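One structure is given here, and the rest of the page talks about it.
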Amino acid sequence: MTAFMTPPTMPPMPEPALLTNPSAQRRNPLLLVGGVIVALIVATALVSFFWTPFPTILTDTDHLASPPGAGGHLLGTDLYGRDIASWLMVGAQTTLYVGIVAVGIAAVIGTPLGILAGMVRPAWSEFLMRITDIWLAFPALLMALIFATVFGASITSAMTAIGIASVPSFVRVVRSGTIVVMNADYVLAARVAGRRSPAIALKHVLPNIAGLVIVQCSVSYAIAILAEAALSYLGLAGGPTTPSWGLMLFQGQAVIAGDPLLVIWPGVAIGLAVLGFNLFGDGLRDRYDPRLSGR
Amino acid sequence: MWWQIVRRLLIFLVSALVASIVVFVLLTVVGDPARTALGTNATPQALAEMRLRMGLDRPITTQYLSWIGGMAHGDFGTSFVTQLPIGPQIGERLLVTLWLVAGGMVVALVVALPLGTLAALWHRRVAGWILSGLSQLGIAVPAFLAGILLIAAFAVELGWLPSGSYVVPATDPIGFLKHMVLPWASLGLVQGAVLARYVRSAVLDEMGQDYLRTARAKGMTLWRAVIRHGLRNASIPVLTVLGVQMITVLIGAVVVERVFVIPGIGSFLVDSVARQDRLAVQGIVVTIVVISLAVSFLVDTAYALIDPRLRRR
Amino acid sequence: MIRKRARLLVSAAAVALVVSACTAGAGLQPSSSTGDQSTQSATGGSTTPSGGSGSTGTETSGTSGSSSSSGSQPAPSDGTLTLGLVLEPVSLDFTTQSGAAIPQVLLDNVYETLVNQAQDGTIVPGLAEKWTVSPDGLTYDFTLRSGVTFSDGEPFTADDAVFSINYVKTKWTVNVADAMKVVASATAVSPTELKVVLSHPDNLWLFKMTTRIGAMMSPKHVDKLATEAIGTGPYVFSNWIHGDSITLTRNPHYWGSTALEKTIVFKYFSDPTAMNNALLTDQIQVITTVQTPPALKQFDDKSKYTIIDGTTNGKVMMTMNDARPPLNDVRVRQAINYALDKPAILKAAWAGYGTVIGSHEVPTDPWYVDLANRYPHDVAKAKQLLAEAGQTHLTLTLALPPVPYAAAAAPIIVSQLADAGITVKTTNVTFDNWLAKIFAKPYDYDLTIINHVEQYDVTTVFDGTPDYYTQYTNPKVAELEKQGLEGDHATFIADFQQVMRILADDAAAAWLWAFPNLMVADANVRGLPQNAIGESLNVFGLYTS
């Protein structure tokens, strides 16, 4: 599962150099492609709130696993006669929802911890980083399996587990960004002028690392999508009537030999979403970090 | 220098201890393991008996110490669900998973090194973009989907390879290899795509270094310069990632083992979760976590030994 | 009294769960089964040649009639047959471990019983050549086969039978052992003569002796039951790779005809697709439980695969909490039944395999009345009934245990009920929670889907008193069941037919389909049992042509 293989931290990736000034407004195809895909998914999800070709609840038992076009179903139907196009659209909602909650948890816990680790004395910082290292030894899937044992398998426990498991990567990235900012002249000046740490954190650090946090959100988002798909496959996510791409993939794989489309549609949707968020994140990173895109 | 190693070792030991406490607290203190073990046989009397048998009446610290003490000499306890000792099963299945992980890593390296290096060398050309795009696509494919597709193509359609299950290498080495090709590929290809990005960025980093410019100024082609000097230096960060990735491959094996019906530690974990066998889950999770920490310790130490910049400290 | 002893086995065709409700629903345990290998218990004696009239069994050749092999059987071969199964046992000891996974492999194949149940449900000789029952129904005299040995070489005698029976009474910890409590004494009259005296007549006892509690064990090996299995059967336990497979090999000293296939491997798959792929790529020869019938399309080629579509005693149903408002209103329950298009559910969820049913019965039950069309699909009628009940904006929760048929039926049920204006929210529940909160008090649920697999279990599931999770209360039903069990055959059938009609009229549940025994095998595999009868997957008659 890529989600769990993607190193939670990215050790040799570029140091967060100066993040304040996006380098020249250069044309950035990565960002553009990624942005378009992400926008497309968000738009699809928004539209699905108001309109889908068929209700996702509807099972057209006269058209089971039918090919595209049959019975007015644009992309065909699944094993239970549900409209695939509608399910893909509402699945985008679930994807966004899972991602937002998981990444939200990670960002809300990870960012302050990271800033703290970057601002406190080295000994404390070291201590916090050791904790982060231990935390890192509990990747998303492992965390989700523990949660499933203790709290039972549900989409909520899966999201929470993925979110908690994503905290340490935020801490690491934010901490290194914070250290860079803390050594900038204007912050040194502010400190000499006697501004207190919370004020510095809010006034100077947070705005300057915002870019980094957004990049990390995007990367974690891709991981969360993959994790949800894997958990659906293991039967540890939502129920059989909650539209989700992971569930579609799981239900479709049983008949991959006869009806490969049932796997291909959600597979492509998941792949596109992960690709989109990854490209978006990479694009942002390149934009903020001149070293990679500049060469 | 020695102090560095001792210090890291101490950190590793303390981390492992802390991790074991976290696992213990999550799985023993939260909820009621006796109730979980009994299911609905849980009459008040049966519950009391089971608590006694599981030692849940003792103070929490005593419970933890006896658990950790047992593990120190390989006794992970006996499952209250299956009545089987947990330690031997973990050992047996870990071996299977290690084969899977090792092969997956080899495939990943074989894919990532050329892909990443070429993508870096060609980074301003269309070919470089295409290679980067390929690795992006590889990352976007869930490993289990890759596995399902590989089975559909190479096992079911073409009939070249078995669709799953495990053969012990000692009894049938050829059969072992045949059975492992697809699992290795589905772990390794996706993983290779992830790794390729790090190789690319590491090589790009080195390409900007002065010594490479010097080498080129002296008339070496970029290719030769990169291969002679760049790759060696780039290998340090790549090795670090490799260490981190070994851990993530170990976790990723959970899903791949399910797709290919491989009796490794990942399928043991998923089965134990399904059986609500908390003691087994506890033992397996601690094993995986400690292995993760041990790998980072080894990588850190190796890094300290190899990297001259760190050695100087 | 009979009713009290009747157990219920709710089994899940796949990930598996067996609920053994012993003595009126107390003491349940989550365990394992594969659904089609259901455990059964009779509550009426109608199909068993036993009972107070003093019947005699006759000798037939071979072991049991549980294999449908026919005609020209080939000579024994040295081949290996690999069967795909769903749920792996956790140990080999079914005296302390409940669940269907262990007897599925070991019973009949490794351990044998004095009597067996044939495909038609009648009781036929096993290790006992014949037996007589005294007219008062208390004394059973068995004549045992001579020349039978355990696989360790020791002879099997009446002393071993006495030991085995007493061992069930004293050492077994699983609650199925309670069925042996009725035995007052077991004595070895001679090495081949066994006398069993019951404390009171029990039409079920001989039937029970065909199940795991009737397994004949050797006194020398009972301390290692978890890891060894020494029996008299046609196969011996060979080895077990945890998480993968159990291997049985032919017993060369078997008393009956030699098993046809030398090696049988029971290989376990937690993933249905992996099992399908294994058959497609020749790694296994039989899928013993099809969990995704829509995937059967890939086995359409009749020259390569055989699809076995037999019967089980399983009744897949959407259970309703009959005591909880608004489901305590019969009109609401009837409306739900009218809203469901059961043939469409069967077609979409289980690819049309199985039979639509309308009450708590399967077509093979002796009292079967076809009530499948008691509530024809009629949305208008459903809406009208709901309006009469004042429930036009009804919202219900459907709890789904982790079994494939529940996940498969739920989407269609939700959709069809929505057409009638009923909003259904589905929630996934773990087995633990299903057993603890739904199946046991506080019976916290509106609707759930489960396969009740046990034969003749209507007297447990719908006993007319609110002591069961269905919470169906009807003194008339309780009275009819009691009268039927005690009466003669005609009364028994008539009363139970009446019960079936009342249950259907009261819409005590929404019965969906009779669960099929669905297997797929390579076309050259012969001798697979057509119908799932006993607790074992009997491999004795298996061979490849």
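The values are calculated or read from the model by the stated rules, or taken from the named source; none is laboratory data. The shown structure was predicted, so the numbers you read here are calculated from the model rather than taken from an experiment. With ideal geometry, Cβ positions are generated from the backbone for all residues, glycine too; neighbour counts draw on all protein chains shown.
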Grab the helices (runs of 4 or more DSSP H) fully contained in segment A:146-239, keeping just those with 2 or more residues being within 14 Å of chain C (Cβ to nearest Cβ) and in contact with a helix residue (DSSP H, G or I) (Cβ under 7 Å, 6 or more places away or on another chain).
A:155-165, A:206-233
Consider segment C:281-291. How many of its residues are surrounded by 22 or more Cβ atoms within 10 Å (Cβ to Cβ) and out of contact with any Asp or Glu (no Cβ under 6 Å at 6 or more places or on another chain)?
6
Filter segment C:294-316 down to the residues that are at pLDDT 90 or above, in contact with a helix residue (DSSP H, G or I) (Cβ under 9 Å, 6 or more places away or on another chain) and surrounded by fewer than 24 Cβ atoms within 10 Å (Cβ to Cβ), then identify the one that is nearest to B:Trp160 (Cα to Cα).
C:Tyr305
So, in segment B:288-302, of the ones that are among the β-branched types (Val, Ile, Thr) and surrounded by fewer than 22 Cβ atoms within 10 Å (Cβ to Cβ), which residue ends up farthest from A:Ile134 (Cα to Cα)?
B:Thr301
Here's a check for you: in segment C:345-371, which residue that is among the small types (Gly, Ala, Ser) and buried (at least 20 other Cβ atoms within 10 Å of the Cβ) is nearest to C:Thr312 (Cα to Cα)?
C:Gly354
Please find, among C:Ser146, C:Ser134, C:Ser151, the residue that is over 20 Å from C:Pro234 (Cα atoms) and in contact (Cβ under 8 Å) with a residue 24 or more places away in the chain.
C:Ser134
Residue under question is C:Phe266, and the condition is that it be in a strand (DSSP E or B) and either under 16 Å from C:Gly84 (Cβ atoms) or within 14 Å of chain B (Cβ to nearest Cβ) (or both); does it hold?
yes
Based on what the data block shows, is A:Val103 crowded, with 24+ Cβ neighbours inside 10 Å, at pLDDT below 90 and away from chain C (no Cβ under 14 Å)?
no
Would you confirm, using the coordinates I've provided, whether A:Tyr221 is crowded, with 23+ Cβ neighbours inside 10 Å and closer than 30 Å to A:Leu58 by Cβ?
no
If C:Asn538 satisfies all but one of (1) under 19 Å from C:Val362 (Cα atoms); (2) surrounded by 18 or more Cβ atoms within 10 Å (Cβ to Cβ); (3) not assigned by TED's automatic domain parsing to the domain that holds C:Gln416, what's the number of the condition it fails?
(1)
Quick check: anything in segment C:247-263 outside any helix (DSSP H, G or I), closer than 22 Å to C:Ser91 by Cβ, within 14 Å of chain B (Cβ to nearest Cβ) and in contact with a Phe, Trp or Tyr (Cβ under 8 Å, 6 or more places away or on another chain)?
yes
Restricting to helices (runs of 4 or more DSSP H) lying wholly in segment C:449-545: which have 1 or more residues that are over 30 Å from C:Thr397 (Cβ atoms)?
C:475-486, C:489-505
Condition (residue is more than 30 Å from B:Phe12 (Cα to Cα) and surrounded by 19 or more Cβ atoms within 10 Å (Cβ to Cβ)) applied to segment A:106-113: is it met by at least one residue?
no
Picking from C:Ala387, C:Ala382, C:Ala407, which residue would you name as being assigned to a helix (DSSP H, G or I) and within 13 Å of chain A (Cβ to nearest Cβ)?
C:Ala407
Would you say C:Thr122 is surrounded by fewer than 19 Cβ atoms within 10 Å (Cβ to Cβ) and free of Cβ contacts under 8 Å to residues at least 12 places away in the same chain?
no
Which numbered condition in (1) in contact with a Pro (Cβ under 7 Å, 6 or more places away or on another chain); (2) modelled with pLDDT of 85 or more is the only one that A:Ala158 fails?
(1)
Does segment B:142-160 contain at least one residue that is more than 13 Å from chain C (Cβ to nearest Cβ), at pLDDT 80 or above, surrounded by 13 or more Cβ atoms within 10 Å (Cβ to Cβ) and not in a loop (DSSP other than H, G, I, E, B)?
yes
I want to confirm something. Restricting to segment C:420-433 and keeping residues that are more than 9 Å from every other protein chain (Cβ to nearest Cβ) and not small (Gly, Ala, Ser), which single residue is surrounded by the fewest Cβ atoms within 10 Å (Cβ to Cβ)?
C:Thr423
Considering segment B:270-287 alone, what residues qualify as being at pLDDT 85 or above, crowded, with 24+ Cβ neighbours inside 10 Å and more than 11 Å from chain C (Cβ to nearest Cβ)?
B:Val281, B:Gln282, B:Gly283, B:Ile284, B:Val285
